[in-house]
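To start, the structure under review is shown below, and the notes come after it.
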Amino acid sequence: MNAKKVTILLVFTILLIFSVVSRIFFNDFQDGWNAYEKKDYKTARELWLPLAEQGETRALFFMGFMHDMGFGVPENDKEALKWYQLAADQGESRAQLFIGFMHDFGQGVPEDDKEALKWYILAAEQGFKQAKINIYNLAKKNVPEALKILLNDAENGEVELQYDLGVMYETGRGVPQDQKEAIKWYMLAAEREFIKAKNNIIEFR
């Protein structure tokens, strides 16, 4: 399993579990989940595949995830994307998040920041904090629409984003280097007792 796959697994495992166990399962899906938790991926796949073929959204997502991670099947990005897409088309927010990740890192598709942003926004609209974090990371890569979202959230009082903007303007990452803008954002964060922002202001003096 390559580094990107490990990153996906580590970053999203908690999200995955908590968003699943909060649902009410039908018995047939629950049996697959029980097998999955025991790492009996072969049985999980056998139980979920008929459900996925009938369009059951959770089963579609997990079919994608298993191909993504190589759980019980050969690791196959294109096959993972196929299942994720089917789930995402039904509004499955986890699938939207993972499709964004695949476009972000060029996993099974050409790397495409704009396409990644589109899917992250869809997932963020359904309350996925990780999607917002990924949008902010795209802002730091100088993706204009992502930067607008970061700026808007910072202006609405997100103190960590105010600090991040200070760093971005200080270093010229994702925005033109501008010391005055850097200090402005550091000051806003410092007013909210953000210690790192206070330290950075001191360094300017």
Go through (1) under 28 Å from Gly32 (Cβ atoms); (2) in contact with a Phe, Trp or Tyr (Cβ under 9 Å, 6 or more places away or on another chain); (3) crowded, with 18+ Cβ neighbours inside 10 Å one by one and return the number of the condition Ala146 breaks.
(1)
Residue that is in a helix (DSSP H, G or I) and open to solvent by less than 30 Å² (accessible area, probe 1.4 Å), where the choices are Ile133, Ile201
Ile201
Identify the residue in region 40-83 that is in contact (Cβ under 8 Å) with a residue 24 or more places away in the chain and of a type in the set (Ser, Thr, Tyr) and, among all such residues, is nearest to Ile99 (Cα to Cα).
Thr57
Only residues that are open to solvent by less than 40 Å² (accessible area, probe 1.4 Å) and not aromatic (Phe, Trp, Tyr): list them for region 152-163, please.
Asp153, Ala154, Gly157, Val159, Leu161, Gln162
Just to be sure before I move on: is Met187 closer than 22 Å to Pro144 by Cβ and of a type in the set (A, V, I, L, M) in the structure I sent?
no
Out of (1) within 14 Å of the chain's Cα centre (by Cα); (2) among the small types (Gly, Ala, Ser); (3) not in a loop (DSSP other than H, G, I, E, B), the odd one out for Ala154 is which?
(1)
Residue among Lys140, Lys132, Lys114 that alone is of a type in the set (Lys, Arg), without any contact (Cβ under 8 Å) to a residue 24 or more places away in the chain, in contact with an Asp or Glu (Cβ under 9 Å, 6 or more places away or on another chain) and under 24 Å from Gln162 (Cα atoms)
Lys132
Go through region 20-126 and tell me which helices (runs of 4 or more DSSP H), entirely inside it, have 1 or more residues that are open to solvent by less than 60 Å² (accessible area, probe 1.4 Å) and among the β-branched types (Val, Ile, Thr).
41-53, 57-69, 93-105, 113-124
Being open to solvent by 30 Å² or more (accessible area, probe 1.4 Å), out of contact with any strand residue (DSSP E or B) (no Cβ under 6 Å at 6 or more places or on another chain), basic (Lys, Arg) and over 30 Å from Asp68 (Cβ atoms) is true for just one of Arg192, Arg173. Which residue is that?
Arg192
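The values are calculated or read from the model by the stated rules, or taken from the named source; none is laboratory data. Please read these numbers as outputs of a predicted model, since none were measured by experiment. Quick reminder, even Gly has a Cβ in these numbers, built from the backbone with ideal geometry, and neighbours come from all protein chains shown. Surface areas here come from the heavy atoms of the whole protein model, side chains and all, with no ligands, DNA or RNA. Shrake-Rupley method; radii C 1.70, N 1.55, O 1.52, S 1.80 Å.
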